[in-house]
Amino acid sequence: MARYAMVIDLKKCVGCQACTVACNSEWEVPTGYARTHVRTTGVVGTFPNLLSTFYVAQCNHCDHPACIPPCPTGATYQDEDGIVKVDRGLCIGCGYCVEACPYDARFINPVIKKVDKCDFCSARLERGQEPACVETCTGHAKFFGDLEDSRSDVFKMVYEQGARRLETSEVAIGPNVYYLGKKEHVDLVLTEFPPHRPRMPEAGTVWEKVVKPLVLAAVGVTFLGQAAAFFRQLMKGENLFEDEGEK
């Protein structure tokens with residue numbers, strides 16, 4: 001079984017946002033939202049020792065995803081190949097996984113009212129294609145492949161060239177998006193855009209967003225069932241009276 005990963009070469013990224021445009025077009029992401037996007041660190045340091053680079057952000061498909069435990073319906077899950085996905089049929093749009101993600105890589109799609117995120121273009125992978133962002137990258141800065149395959153580019157970049165994960169001592173959940181480049185540039189990205197600790201929902205929020213709606217839905221279904229049964233009995237009674245009247 002493959003174990004998919006992505007490597008972003010900071011030496012080649014030009015910050016053009018072609019990956020964002022390609023992803024948004026491929027998956028009809030609403031305006032103002034993105035599954036992947038490019039941010040700049042800005043310029044830091046003092047002349048002549050100035051530093052600046054780009055941060056390409058997206059779902060990291062972590063080894064130990066922080067987004068899975070808080071999902072109350074099991075909508076967020078991880079395939080055997082490591083890709084973290086969302087079952088929209090189960091998603092209720094509560095947003096707990098959005099809060100839990102240390103990389104802020106999820107959002108509630110305002111059109112479908114469900115969680116949206118990068119899934120490494122799983123549908124394209126099934127057709128033998130690369131993710132849209134990799135195929136479209138003008139600087140050829142994105143690489144995708146099987147981290148278990150020693151012949152793949154991502155294997156060589158991670159295990160031979162030292163591509164790094166964006167992790168801290170507080171957040172070390174095994175992200176599978178790696179960054180290749182000068183140490184000072186990767187350090188700068190980690191300094192400017194560090195992962196935050198997962199935010200877990202409070203008990204009161206769980207009641208309001210999950211338990212209460214489910215209880216009300218169950219009560220509604222029960223009421224409708226009882227009402228239907230009552231009217232069926234009523235109709236049977238009317239039919240009985242009509243038969244007796246005819247006699």
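Things to note:
- The convex hull built on the alpha-carbon positions of the stretch 1-85 has an orientation-averaged projected area of 8.3 nm².
- Accessible surface of the stretch 54-95, 1.4 Å probe, proportion on carbon and sulfur as whole %: 51
- Accessible surface, per residue, of the stretch 137-193 when the full set of protein chains is kept, probe 1.4 Å, Å²: 50
- Accessible area per residue for the stretch 1-91 is 49 Å², calculated with a 1.4 Å probe on protein heavy atoms, without ligands, DNA or RNA.
- Counted charge near Cys91, where neighbours are those whose Cβ lies closer than 12 Å (Asp, Glu -1; Lys, Arg +1): +4
- 11 Å beta-carbon shell around Phe54, net charge (K/R +1, D/E -1): +1
- Distance violations [Cα-Cα > 25 Å] among Lys12/Lys113; Lys12/Lys114; Lys117/Lys142; Lys12/Lys85; Lys142/Lys183: Lys12/Lys113; Lys12/Lys114; Lys12/Lys85
The values are calculated or read from the model by the stated rules, or taken from the named source; none is laboratory data. Given the structure is predicted, the values throughout are model-derived calculations rather than measurements. Positions of Cβ are backbone-derived with ideal geometry, glycine not excepted, and every protein chain shown enters the neighbour counts. The accessibility values were calculated without ligands, DNA or RNA, using every heavy atom of the protein model including side chains. Shrake-Rupley method; radii C 1.70, N 1.55, O 1.52, S 1.80 Å.
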